[in-house]
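Comments concern the structure below.
The values are calculated or read from the model by the stated rules, or taken from the named source; none is laboratory data. Not measured: the values here are computed from a predicted model. Methodologically, a virtual Cβ is constructed for each residue, glycine included, from the backbone with ideal geometry; neighbour enumeration extends over all protein chains shown. Note: areas computed on protein heavy atoms with side chains; ligands, DNA, RNA excluded. Shrake-Rupley method; radii C 1.70, N 1.55, O 1.52, S 1.80 Å.
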Amino acid sequence: MSTRVRGLALGVIAVSLAACGSSGGHRAEAAPPALGAVPIVTEPGQVSLPTDAYLVTPAQITDIIRAQDLVTAQCMAEYGLTGRPTVLFGLDEVVSDRATRSLVYGYFDLANAGAKGYATEGIQQLPSGGDAAGGGSDQDQIALSGADPRTGQAVTALAGKPLPAGGCQQKGRDALGGSTPAPSVGDLPDGGPKVPVTDPRLVEAFATWSACMKEKGFDYKEPVNAIGDQAWRRSGGAGPSQQEIATATADVACKVANNTVGVAVAVQTAYANQYIESHTAKLTAYRQRIDDMLRKAAELAAATPAKS
């Protein structure tokens with residue numbers, strides 16, 4: 001049996017500054033919301049935001065994908081083909097990256113800065129319907145995707161039987177209520193809370209961080225400028241340079257010394273609370289969709305005989 005492998009799925013989410021922030025850093029002129037208590041944050045595990053409660057977890061994603069696989073396999077069997085279980089990887093990393101890579105405060109991976117620098121190579125990506133093992137015939141691909149893999153043209157019938165639009169894989173998704181949500185703030189209604197980098201509390205915190213970096217020999221105005229430096233772009237499996245490692249190490253050290261992330265989390269929390277208050281109905285519907293998918297997943301799992 002060939003196996004489909006999906007790196008944080010659901011479209012495949014790459015670990016990059018442009019796609020993995022705790023929340024977006026946007027420019028805005030609205031009056032900033034009042035801050036609550038500013039936490040002391042010295043490690044990524046201490047980062048939490050009010051929006052976390054609305055996000056799907058890795059375990060929930062796994063349950064949903066497994067249920068989709070059951071329906072997909074049943075569909076494939078109708079055409080005399082073998083179902084192909086999905087192997088998920090990268091889920092836990094994407095969740096942890098919400099704290100270690102942010103569009104607000106940049107990089108905060110204390111464990112890896114000294115060895116991997118900014119680790120800009122990201123997570124391996126594979127197409128969500130791809131066959132990592134190299135097996136899988138054209139018939140398999142047609143049944144899965146509902147399209148000819150050679151031409152990309154839609155196929156409406158296979159083995160003398162009608163083929164669902166989008167193939168068996170789409171039938172599996174539809175059985176659970178559509179595409180699987182991503183464990184990302186950006187997947188929330190209206191893209192989640194927007195945190196303006198012009199917020200005066202952030203401006204002050206970043207100025208302090210920048211002064212600390214300058215004392216160590218590095219000139220960056222804001223934390224995102226450090227992780228986003230084009231000098232760290234890599235190719236061909238190249239590892240981080242000594243300069244990148246030195247910069248990343250100084251970056252996180254200055255954040256810990258000045259509680260940069262603690263201030264950023266307090267600011268993010270203020271905007272998150274404001275967002276939740278203004279999006280109550282949409283967030284309730286969003287979370288209800290996830291709960292409905294989980295209920296359907298449990299029902300499908302219970303109704304499917306275990307393989308001996």
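Inside region 45-87, residues that are touching a Leu at 6+ places or on another chain (Cβ under 8 Å), hydroxyl-bearing (Ser, Thr, Tyr) and under 18 Å from GLY177 (Cα atoms) make up a count of 3. Scanning region 95-117 for residues that are modelled with pLDDT of 90 or more, among the charged types (D, E, K, R) and crowded, with 17+ Cβ neighbours inside 10 Å yields ARG101, ASP109. Among the residues of region 209-231, the ones that are of a type outside the set (D, E, K, R) and not in a helix (DSSP H, G or I) come to 4 in all. A single member of GLN141, GLN153, GLN170 is open to solvent by 80 Å² or more (accessible area, probe 1.4 Å), of a type in the set (S, T, N, Q) and more than 30 Å from PRO39 (Cα to Cα), and it is GLN153. Checking each residue in region 187-199 for being of a type in the set (Val, Ile, Thr) and part of a loop (DSSP other than H, G, I, E, B) picks out VAL197, THR198. Checking each residue in region 69-94 for being within 24 Å of ASP291 (Cα to Cα), in contact with a strand residue (DSSP E or B) (Cβ under 8 Å, 6 or more places away or on another chain) and modelled with pLDDT of 85 or more picks out ASP69, PRO85, THR86. Residue selection: ALA281 fails the criterion of being of a type in the set (A, V, I, L, M, F, W, C), under 28 Å from PRO181 (Cα atoms), modelled with pLDDT under 95 and in a helix (DSSP H, G or I). So TYR220 clears everything in (1) touching a residue at least 40 places away in the same chain (Cβ under 8 Å); (2) surrounded by 18 or more Cβ atoms within 10 Å (Cβ to Cβ) except one condition, right? Which one? The failed condition is (1).
Any residue at all in region 265-273 that's open to solvent by less than 80 Å² (accessible area, probe 1.4 Å), small (Gly, Ala, Ser) and at pLDDT below 95? No; the residues of region 265-273 include none that is open to solvent by less than 80 Å² (accessible area, probe 1.4 Å), small (Gly, Ala, Ser) and at pLDDT below 95. Taken over region 137-180, the residue count meeting the criterion of being aliphatic (A, V, I, L, M) and at positive phi is 1. In region 178-193, the qualifying residues are those that are open to solvent by 20 Å² or more (accessible area, probe 1.4 Å), in contact with a helix residue (DSSP H, G or I) (Cβ under 8 Å, 6 or more places away or on another chain) and modelled with pLDDT under 95, and the one that is nearest to VAL265 (Cα to Cα) is SER184. When GLU244, GLU204 are checked against the criterion of being surrounded by fewer than 19 Cβ atoms within 10 Å (Cβ to Cβ), part of a helix (DSSP H, G or I) and of a type in the set (Asp, Glu), GLU204 stands alone in meeting it.
For region 247-258, the criterion of being surrounded by fewer than 21 Cβ atoms within 10 Å (Cβ to Cβ) and in a loop (DSSP other than H, G, I, E, B) is met by none of the residues.
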